[in-house]
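K.L.:
Questions regarding the structure given below will be posed in turn.
The values are calculated or read from the model by the stated rules, or taken from the named source; none is laboratory data. These numbers were taken from a predicted model, which means no experiment stands behind them. Note that each Cβ is placed from the backbone with ideal geometry, even for glycine, and that neighbours are counted across all protein chains shown.
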């Protein structure tokens, strides 16, 4: 693996860490209805557990209500039960073929609790970025030891690695700031 390939691999891995953090943040509810809130809800369907998106259409009815329309009439009660049993604390109401899922308003205490969770997740993302940096720096040291690259090349690459690390940690910090503002918004 050349130095250039190593740098590209570093960027790809750090980018994936940032994407993983974004995916985690989507799951953290802000009080606004968004169909991705139900993405991890699993529904029993002919003996298998499948994501809710494979058995129902999800829509945003208004800023505080989601609409879930199962594709089969017989699945309405099953989907209802799956949503109730999820860790989201939601109580859907059955309106014929449509399940209305109102999101309860969040109080100040819950908002602050969620900010703590978001900060913890962001720190996990920063740690992942630093671990990637550590791995690449170790690889560079190994290459110097094996005389594949010079010490000057190693120092130059360490600077590049540190700049990329700072860039991706900055991205995590900006995502965190956005999410905190979104959570504290009344």
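K.L.:
Just for segment 30-49: of the residues that are at pLDDT below 85 and touching a helix residue (DSSP H, G or I) at 6+ places or on another chain (Cβ under 6 Å), which one is surrounded by the most Cβ atoms within 10 Å (Cβ to Cβ)?
P.N.:
Result: 38.
K.L.:
Determine, yes or no, whether residue 17 is surrounded by 14 or more Cβ atoms within 10 Å (Cβ to Cβ), touching a helix residue (DSSP H, G or I) at 6+ places or on another chain (Cβ under 9 Å) and in the same structural domain as residue 171 (by TED's automatic domain parsing).
P.N.:
yes
K.L.:
Residue by residue through segment 50-65, note down the ones that are surrounded by fewer than 18 Cβ atoms within 10 Å (Cβ to Cβ) and touching a residue at least 12 places away in the same chain (Cβ under 8 Å).
P.N.:
Within segment 50-65, 51, 53, 57, 59, 60, 61, 62, 63, 64, 65 qualify.
Residue by residue, here is whether (1) outside the structural domain of residue 70 (by TED's automatic domain parsing); (2) closer than 29 Å to residue 57 by Cα; (3) buried (at least 18 other Cβ atoms within 10 Å of the Cβ) holds:
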{"residue": "86", "(1), (2), (3)": "no, yes, no"}
{"residue": "94", "(1), (2), (3)": "no, yes, no"}
{"residue": "127", "(1), (2), (3)": "yes, no, no"}
{"residue": "144", "(1), (2), (3)": "yes, no, no"}
{"residue": "158", "(1), (2), (3)": "yes, no, no"}
{"residue": "164", "(1), (2), (3)": "yes, no, yes"}
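K.L.:
What is the one condition in (1) under 17 Å from the mean Cα position of the chain (by Cα); (2) without any contact (Cβ under 8 Å) to a residue 24 or more places away in the chain; (3) surrounded by 12 or more Cβ atoms within 10 Å (Cβ to Cβ) that residue 171 does not satisfy?
P.N.:
With respect to (1) under 17 Å from the mean Cα position of the chain (by Cα); (2) without any contact (Cβ under 8 Å) to a residue 24 or more places away in the chain; (3) surrounded by 12 or more Cβ atoms within 10 Å (Cβ to Cβ), residue 171 is out only on (2).
K.L.:
Here are the criteria: (1) surrounded by 12 or more Cβ atoms within 10 Å (Cβ to Cβ); (2) more than 25 Å from the chain's Cα centre (by Cα). Tell me which single one residue 115 does not satisfy.
P.N.:
Of the numbered conditions (1) surrounded by 12 or more Cβ atoms within 10 Å (Cβ to Cβ); (2) more than 25 Å from the chain's Cα centre (by Cα), the odd one out for residue 115 is (2).
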